[in-house]
Amino acid sequence: MTVTSYIFGVASAVIALVVVIELLRRRRLRERHAVWWLLAGALALVAGVFPGTLAWAASIIGIEVPINLVFFVSIGILFFVCLQTSAELTRLEAKTRTLAEAAALQGVRLDELETRLKAANPPER
Amino acid sequence: MSDVVEDEAEKEAGDGGEPQWGARDGMKQKDQPEIDNEADSANDEVTGCRMGGERSTHARQFPGLVGSRRGLGTRRFMRAIQDRFSNGYTLLRLQKLACRLDRLSGMSIGENRTLVVMPAYNEEASIGEVIRELAMAHPEITCLVVDDGSSDATVDVAKANGAIVASLPFNLGVGGAMRLGYKYGLENGFDRVVQIDADGQHDPRDLEIVLSALDEADLVIGARFAGEGTYAVRGPRRWAMVVLARTLSRSARTRLTDTTSGFRAAGPRAVRLFAEHYPAEYLGDTIESLVIASRAGCVIRQVPVTMRARSGGVASHHPVKAALYLFRACLALGIAYLGPAYPLNEARAAS
């Protein structure tokens, strides 16, 4: 491993973490959505700063080529992020549905009130 | 003015028994024993789940009488004045007046308030006729049209014909529209909610059959037996229907043949359940709602109704589409059984 690739790895992890934390700080990302991204950034930083930990973890699980562990964990994290997004979408759809119902019910009430109001105050002339 | 109207209404009430109503009564008497037997056996199985009460015993003693005589005079009265007033608004006012008189003169049987909900998505061509037909057959019943994000004149046509219209801002599907209907029913004190398709395939006059069966059940499905000849299906779509009918019959503890019928009536307990938990997914309004109802302990019944030819659109016979339908139906069924079982909310019944 060259010094350049070492620096490149560490810098990528730091940039990822900084972006996530900045979004969190500006309230552009809620923390329950950021958990997976923070986890991914932290793992990348650890593996970047101490490449030995990656080889050690791979040998414990029994993975011969350590880089495969990186791929496995990355895909796993992306999978969970997608799943969480889908679940969130479903929740939002349910909320939208309830809102739409409430709006429609208000509409009916308004219609009825307007009709009654017109009946009570017939236009003069 | 109102005195005159009342006199007329009462006079009309005296000479009951029009030929077609007599015929319908006869038909109902034929059906009644079967319904009673089923209901009794269900009572043994599901002890304490029924809405026991004077009304249901009344229905058993006088089969065919309950509901069918309701508002008889008003109906003829309405027919007479309809020639004079074709204006929808005037008609609505008169209907409400007649309905009030009906209640005052003690002609209506039972204190049940019934709401008819029509989910409508771009149905401007047929919905006016359906509403008018319903108003003719049952002037005392409130009609709510749920506009499911239509882009045509459905709302205007429905309003012009005197229906209450609830407009959803975008399309939610039949399930979404129906939950809104149940919510409206619950909030406005309706005991019974009936779903009728806006395309005119259901005959509003069958409402009586479905409603009288509701005395013995929480959920009544109007099944399309009569049109079976024209409704022949083969291949995967048929398998899907058989699988659905078998599975749902078992969990509903009664024989269901037409599980995807859009003609169904819900009693007070089912209305409360559905106002909370009516699913909006694909096939949720037919399959999953039945599963939810049966798992909550609702008593489900099926009664035969006539089905008229649909004005547009027939069930697809394309094999790939039919196979997809089978797959999605099984998926919907599986998910419905995996989901949580909701209890019937009895507490809110008291309030």
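Here is a yes/no grid of residues against (1) free of Cβ contacts under 8 Å to residues at least 40 places away in the same chain; (2) surrounded by fewer than 16 Cβ atoms within 10 Å (Cβ to Cβ); (3) over 30 Å from B:ALA280 (Cβ atoms); (4) within 23 Å of the chain's Cα centre (by Cα):
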position: A:ILE7; (1), (2), (3), (4): yes, yes, yes, no
position: A:ALA13; (1), (2), (3), (4): yes, no, yes, yes
position: A:ALA16; (1), (2), (3), (4): yes, no, yes, yes
position: A:ILE21; (1), (2), (3), (4): yes, yes, yes, yes
position: A:ARG32; (1), (2), (3), (4): yes, yes, no, yes
position: A:ALA42; (1), (2), (3), (4): yes, yes, yes, yes
position: A:SER59; (1), (2), (3), (4): yes, yes, yes, no
position: A:PHE72; (1), (2), (3), (4): yes, yes, yes, yes
position: A:SER86; (1), (2), (3), (4): yes, yes, no, yes
Practice problem: Inspect all residues belonging to region B:184-204 and state whether any of them is assigned to a helix (DSSP H, G or I), within 21 Å of B:VAL303 (Cα to Cα) and away from chain A (no Cβ under 14 Å). | Solution: yes
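Confirm whether A:LEU105 is within 14 Å of another protein chain (Cβ to nearest Cβ) and part of a helix (DSSP H, G or I).
Working: within 14 Å of another protein chain (Cβ to nearest Cβ): yes; part of a helix (DSSP H, G or I): yes.
For A:LEU105, the condition - within 14 Å of another protein chain (Cβ to nearest Cβ) and part of a helix (DSSP H, G or I) - is met.
For the structure I just gave you, tell me whether B:ALA177 is within 14 Å of chain A (Cβ to nearest Cβ), surrounded by 24 or more Cβ atoms within 10 Å (Cβ to Cβ) and farther than 22 Å from B:THR286 by Cβ. I'd like the intermediate steps shown before the answer.
Working: within 14 Å of chain A (Cβ to nearest Cβ): yes; surrounded by 24 or more Cβ atoms within 10 Å (Cβ to Cβ): yes; farther than 22 Å from B:THR286 by Cβ: no.
Against the criterion (within 14 Å of chain A (Cβ to nearest Cβ), surrounded by 24 or more Cβ atoms within 10 Å (Cβ to Cβ) and farther than 22 Å from B:THR286 by Cβ), B:ALA177 does not qualify.
Taking region B:319-330 only, how many residues are closer than 11 Å to B:ALA240 by Cα and either among the aliphatic types (A, V, I, L, M) or not in a helix (DSSP H, G or I) (or both)? Step through it out loud before you land on a result.
Step one: of region B:319-330, the residues closer than 11 Å to B:ALA240 by Cα are B:322-330.
Going one step further and asking which of them are either among the aliphatic types (A, V, I, L, M) or not in a helix (DSSP H, G or I) (or both), we end up with B:322-324, B:326, B:329.
Summing the residues that are closer than 11 Å to B:ALA240 by Cα and either among the aliphatic types (A, V, I, L, M) or not in a helix (DSSP H, G or I) (or both) in region B:319-330 gives 5.
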Quiz item: If A:GLU93 satisfies every condition in (1) within 14 Å of chain B (Cβ to nearest Cβ); (2) touching a Lys or Arg at 6+ places or on another chain (Cβ under 9 Å) but one, which is the exception?
Solution: (2)
Quiz item: Only one residue in B:VAL243, B:VAL210 is within 21 Å of B:PRO119 (Cα to Cα) and touching a residue at least 60 places away in the same chain (Cβ under 8 Å). Which one?
Solution: B:VAL210
Exercise. Give just the number: which of (1) away from every other protein chain (no Cβ under 14 Å); (2) farther than 22 Å from B:LEU273 by Cβ; (3) in contact with a strand residue (DSSP E or B) (Cβ under 9 Å, 6 or more places away or on another chain) does B:ALA163 not satisfy?
Key: (1)
Exercise. Hey, can you tell me all the residues within region B:258-284 that are more than 17 Å from B:VAL299 (Cα to Cα) and under 10 Å from the mean Cα position of the chain (by Cα)?
Key: B:GLY262
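Each reported figure results from applying straightforward, stated rules to the coordinates on display, with no laboratory input. None of the values given here were measured: they were computed from a predicted structure. FYI the Cβ positions are ideal-geometry reconstructions off the backbone, even for glycines, and counts take in every protein chain you see.
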